[in-house]
Amino acid sequence: MALLQIAEPGQSAVPHQRKLAVGIDLGTTNSLVATVRSGATTTLPDDIGQHILPSVVHYTSQGAVVGEEAKKQASQDPANTISSVKRFLGRSTTDIKAKYPNLPYQFTESDSPVMQVVSGEVNPVQVSAEILKVLKLRAESTLGDELKGAVVTVPAYFDDSQRQGTKDAATLAGLNVLRLLNEPTAAAIAYGLDSGQEGIIAVYDLGGGTFDISILRLSKGVFEVLSTGGDSALGGDDFDAVLVDYIRQQTQLTGDLSKNLHRTLLDLAKEAKETLSHESVANLSFEDDNKQSHKVLITINHFEKLIAPLVKNTLRACRRALKDAELSKQDILEVVMVGGSTRVPYVCQQVGEFFETSPLTSIDPDKVVAIGAAIQADILAGNKPDSDMLLLDVLPLSLGIETMGGLSEKVIPRNTTIPIAKAQEFTTFKDGQTAMMVHVVQGERELVQDCRSLAKFTLRGIPPMAAGAAHIRVTFQVDADGLLNVSAMEKSTGVQAQIQVKPSYGLEDHQIADMLKASMQNAEQDMQARMLKEQQVEAARVHETLQAALNADAAALLSADEKQAIETGLTELQELAKGSDKEAIKAGIEKVDKLSQVFAERRMDQSIRKAFSGQSVEQI
Amino acid sequence: MGISVSDSAAQRARTFLENRGAGIGLRLGVKTTGCSGLAYVLEFVDEMNEDDQVFEDKGIKVIIDGKSLVYLDGTHLDFTKEGLNEGFQFTNPNANGECGCGESFNV
C-alpha cells in the first residue's frame, strides 16, 4: 500500500504520476534538500536523521564518499578530499590558483580546472554532481518515487558560466533542473515575502566561511537583485578562531599546538558559541598535551567584544551594498537572516540596529534557502492550483551583437524579465557576402570595445546577393536560469548557426555595477562615438559601392577627367573617415555623392537601355 | 460504519492544516483511474460540496462525497513510516485487490 500525501483541493495526482519536486541548496560548506509534502515544507534527513550534508567529496579507489564521512578524511587525505568545490565552478585554473594559492589539490595542466585524484581525473562539475547525487537519492527514497524535477539555488553574484556549471552538475547527477534560483530570492520566498508587500528586501547571509549581503527589489512578483556584496573569507569559523585565541590567551598556551589540542579547542569554541546563544556564561574545561587541566570562563559580554570587529565588517559590506543600490536604510522593508552564524543573538541585534528593523529569524537559518527552493519547485512542478506565482528574474546587463564599425546593437535591454526570446533582422554589408560573424556582447556601452564579449560564431552559406539584400534573423533566447542561446538564420535558404553562451571567465557583481556606472558617465561620449562610427561605416559603404561601380562602368560611361574627380573625392573621403570629425565625414560623403551624381544617372540610363533593347513597345 | 482516523494520522493532519493556515478538514475520495480501477484521493478541503458527508474522529473532520463513501465506508486512515518515506495509508475493507504499488484498488 502506497503512502499518500495530502494534496491541494483538486490537485490529486493520478497514480504513478505524482509530481515530486525538490529544492536543493548546493552550498559551499553544506548542502540540503527540501520538499513540500501535505502542504508543509521540510528539509529531508538522511537515515541517521542528519539534514545537513557537508559539501565534501572524498575519492577512493573504490569510488566517491560524500558528506560527514568525507569530511573526516580531509586532514588525513587532503589531496583526494575535495571541499568547497562550489568556489571552482565555472572558473579557469588560472583564476582558481590566483585566488586560492594554498589548495592541496593536484590540478592538471589545462585551462579548465581538472583535479587528479586516486580514482582518476575529476572536474568541479563532476564533484558537485556527486553531492547532488546523494541528495537526489535521499529525496527519492524519502518520497518513494522518481523526482520530476529540482530547483537548485546559486549565489546572486554567480555569472553565466558558474550557473551553467551548476546546471551541468545537476544534469550529470540525473536531475531535471526546473530552474536555478538565486539564494537570497529563495530565502525571501521561504518567508512568503513574494506574496507580501512590494518593496526592498535585504538578505543577510552569514555562513560558516562566507558572508553575502543582497539587496532585492520585489515588484509585480519579480525579484530583482539590486546589489550584492560580502566577504568570501568571513564567517562563523572566524568567530571560532577568535574564541580559540581568547582561550589560549587565558590559559597561556603559547607556541604551536598539537593537532589534537587545536581540534579540542576548536570544538570547545563552537560549544561556547552555542551556549552563549542562550546563556550568559560558558564554562569550559580541557586538558592540554601535558595532561594539565585548564578552566576558562567566557561571559557573553566578552564574547560579543571579541566578535564585534567581525560583525562590524559585515555591516560595512551592508552599507556598501546599500550605496551601490543607491538606497538608504529607511528603504529596507524586511531583513532576512540566512546562515548558521546568524543564530548568534549579537549578530541579529547588530543587524537589527543597523537596518532599524527587526530581522526575520523564525525559519532555521541553515534551512531557509532549501525551503524557499522547495516551495518554488512545488509550484514549477505544477502542484499548485493557479500557479500562484511564477517567479521571474531580470537580466543585469543588456545583450546585443556587434554591427559594422564596432558598434553594439542591443537586442535585449537590461532589466528585461527572463525567460525571454527576441529576434532582430540584420543584413550583409558587402556585395556577394556569404558569411557573417555574430559577435555577442553584454553591456550598456555603445562601442563593442567597451562592452564584454560573450561569444562569437559565424553564419556561413549565405547565398551571394547585393549588399543589404540578405535577411538574417538573429534570435536571442535567455532561459529561466539566465543562460543565453543565440541563433542566426538567413531567411531565404534557412541556413543557420547558433551558440550557447558559456563565457570562459566570470563577472563579479561589482564589475556589473562598474559597467553600469561607466555607461552613465560616458553616455555623452558614447553617443558621439556612435555617431562618428556610423558616419565612418557610411563612408566605407559609399566607398565600397562606388568603387565597385567605377570598376564596372567607368570606362564606358565616364571621361578620364570625370573619373579622376570621383576618385579624388573618394580618396579624400577615405582620409576623412580615418579622422574623428564626424561633420567633415558627412560633408565628404555629400561631396562624393554630388560628384558621382552624373555617373549614377548614366548608369541608370544604361541599365534601362539594356533592359529595353531588343524589345518592341508592345512587349513592354 | 463511517471513517476512523488513527492517533498519528489525526496528529499529522492537524499539523498540516495548521501549517497551511487554512482548510476545514481532509477530503477522502476515490476516482476511477489507475492500473487497478480506482485510486484514492486525499486533499485539503476549503469548501464543502452539497453531497458531502462529514465524519469527525479525534478532532479531525473527514469529508467524503456520497459516491466515494460507497467505496470507502469503514476505511481506517493511518499515518506510517516506511524507511525514510512517510505518509497516509488507507485500510479499506471494501477493497478486494490492489495493484502492485497500492496506489489504486478495485472492489
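Overview of results
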| item | result |
| --- | --- |
| Residue match in region A:269-278 (condition: out of contact with any helix residue (DSSP H, G or I) (no Cβ under 8 Å at 6 or more places or on another chain), within 30 Å of A:Ser328 (Cα to Cα) and open to solvent by 40 Å² or more (accessible area, probe 1.4 Å)) | no |
| Qualifying residues in region A:126-150 (those that are within 14 Å of chain B (Cβ to nearest Cβ) and charged (D, E, K, R)) - the one surrounded by the fewest Cβ atoms within 10 Å (Cβ to Cβ) | A:Glu146 |
| Any hit, region A:64-77, residues being out of contact with any helix residue (DSSP H, G or I) (no Cβ under 7 Å at 6 or more places or on another chain), in contact (Cβ under 8 Å) with a residue 24 or more places away in the chain, crowded, with 19+ Cβ neighbours inside 10 Å and more than 14 Å from chain B (Cβ to nearest Cβ) | no |
| Filter result (in contact (Cβ under 8 Å) with a residue 24 or more places away in the chain and farther than 12 Å from A:Ile247 by Cβ) within region A:279-297 | A:Asp289 |
| Residue among A:Gly382, A:Gly340, A:Gly352 that is more than 23 Å from A:Ile6 (Cα to Cα), of a type outside the set (A, V, I, L, M, F, W, C) and in contact (Cβ under 8 Å) with a residue 24 or more places away in the chain | A:Gly340 |
| Some residue of region A:142-154 being at negative phi and without any contact (Cβ under 8 Å) to a residue 60 or more places away in the chain | no |
| Residue within region A:104-124 that is hydrophobic (A, V, I, L, M, F, W, C), modelled with pLDDT of 90 or more and closer than 27 Å to A:Val225 by Cβ present | no |
| Scan of region A:19-52 for residues that are in contact (Cβ under 8 Å) with a residue 12 or more places away in the chain, more than 17 Å from A:Leu143 (Cβ to Cβ) and among the aliphatic types (A, V, I, L, M), ordered by number | A:Leu26, A:Ile52 |
| From the options B:Val45, B:Val41, residue that is facing chain A (nearest Cβ under 9 Å), touching a Gly at 6+ places or on another chain (Cβ under 7 Å), free of Cβ contacts under 8 Å to residues at least 24 places away in the same chain and not hydroxyl-bearing (Ser, Thr, Tyr) | B:Val45 |
| Strands (runs of 3 or more DSSP E) within region A:264-383 that include 3 or more residues over 35 Å from the mean Cα position of the chain (by Cα) and more than 30 Å from A:Ile189 (Cα to Cα) | A:281-287, A:293-299 |
| Hey, A:Val336 modelled with pLDDT of 95 or more and buried (at least 19 other Cβ atoms within 10 Å of the Cβ) or not | yes |
| Residue check for A:Ile247: closer than 30 Å to A:Arg414 by Cα, aliphatic (A, V, I, L, M) and either touching a residue at least 40 places away in the same chain (Cβ under 8 Å) or part of a helix (DSSP H, G or I) (or both) | no |
| Hits in region A:178-195 (condition: assigned to a strand (DSSP E or B) and touching a Gly at 6+ places or on another chain (Cβ under 7 Å)) | A:Leu178 |
| Answer residue from region A:231-244, given it is outside any helix (DSSP H, G or I) and open to solvent by 40 Å² or more (accessible area, probe 1.4 Å) and is modelled with the highest pLDDT among those | A:Asp231 |
| Residues being loosely packed, with under 15 Cβ neighbours inside 10 Å and away from every other protein chain (no Cβ under 12 Å) - total across region B:74-96 | 3 |
| Within region A:79-110, considering residues that are of a type in the set (Ser, Thr, Tyr) and under 16 Å from A:Ser55 (Cβ atoms), the one most open to solvent (accessible area, probe 1.4 Å) | A:Tyr100 |
| Unmet requirement for B:Val5, which otherwise passes all of (1) more than 8 Å from chain A (Cβ to nearest Cβ); (2) open to solvent by 20 Å² or more (accessible area, probe 1.4 Å); (3) not acidic (Asp, Glu) | (2) |
| Boolean, A:Glu575 is acidic (Asp, Glu) and surrounded by 15 or more Cβ atoms within 10 Å (Cβ to Cβ) | no |
| Residue match in region A:4-24 (condition: out of contact with any Phe, Trp or Tyr (no Cβ under 6 Å at 6 or more places or on another chain), at pLDDT below 90 and more than 12 Å from every other protein chain (Cβ to nearest Cβ)) | yes |
| So A:Glu402, is it touching a helix residue (DSSP H, G or I) at 6+ places or on another chain (Cβ under 9 Å), at pLDDT 85 or above, open to solvent by 20 Å² or more (accessible area, probe 1.4 Å) and over 30 Å from A:Leu181 (Cβ atoms) | yes |
| Yes/no for A:Gly352 being on the phi > 0 side of the Ramachandran plot and among the small types (Gly, Ala, Ser) | no |
| Some residue of region B:60-67 being open to solvent by 80 Å² or more (accessible area, probe 1.4 Å), away from chain A (no Cβ under 13 Å) and modelled with pLDDT under 85 | yes |
| Residue within region A:142-157 that is assigned to a helix (DSSP H, G or I) and either within 24 Å of the chain's Cα centre (by Cα) or of a type outside the set (Ser, Thr, Tyr) (or both) present | yes |
| Verdict on A:Pro113 being under 23 Å from the mean Cα position of the chain (by Cα), open to solvent by less than 20 Å² (accessible area, probe 1.4 Å), more than 21 Å from A:Ser31 (Cα to Cα) and not aliphatic (A, V, I, L, M) | yes |
| Residue among A:Arg602, A:Arg541 that is closer than 21 Å to A:Gly468 by Cα, among the basic types (Lys, Arg) and in a helix (DSSP H, G or I) | A:Arg541 |
| Filter pass, A:Asp205 being farther than 30 Å from A:Leu137 by Cα and more than 16 Å from the chain's Cα centre (by Cα) | no |
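So that you can scan it fast, the table gives a plain yes or no per residue for (1) open to solvent by less than 10 Å² (accessible area, probe 1.4 Å); (2) at pLDDT below 90:
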{"position": "A:Val152", "(1), (2)": "yes, no"}
{"position": "A:Asn176", "(1), (2)": "no, no"}
{"position": "A:Ile213", "(1), (2)": "yes, no"}
{"position": "A:Gly229", "(1), (2)": "no, yes"}
{"position": "A:Gln252", "(1), (2)": "no, yes"}
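The values are calculated or read from the model by the stated rules, or taken from the named source; none is laboratory data. Please read all numbers here as calculations on a predicted model, not as lab measurements. Reconstructed Cβ throughout: ideal geometry from the backbone, glycine too, with neighbour counts over all protein chains shown. Please note that ligands, DNA and RNA were not included when accessible areas were found on the heavy atoms of the full protein model with its side chains. Shrake-Rupley method; radii C 1.70, N 1.55, O 1.52, S 1.80 Å.
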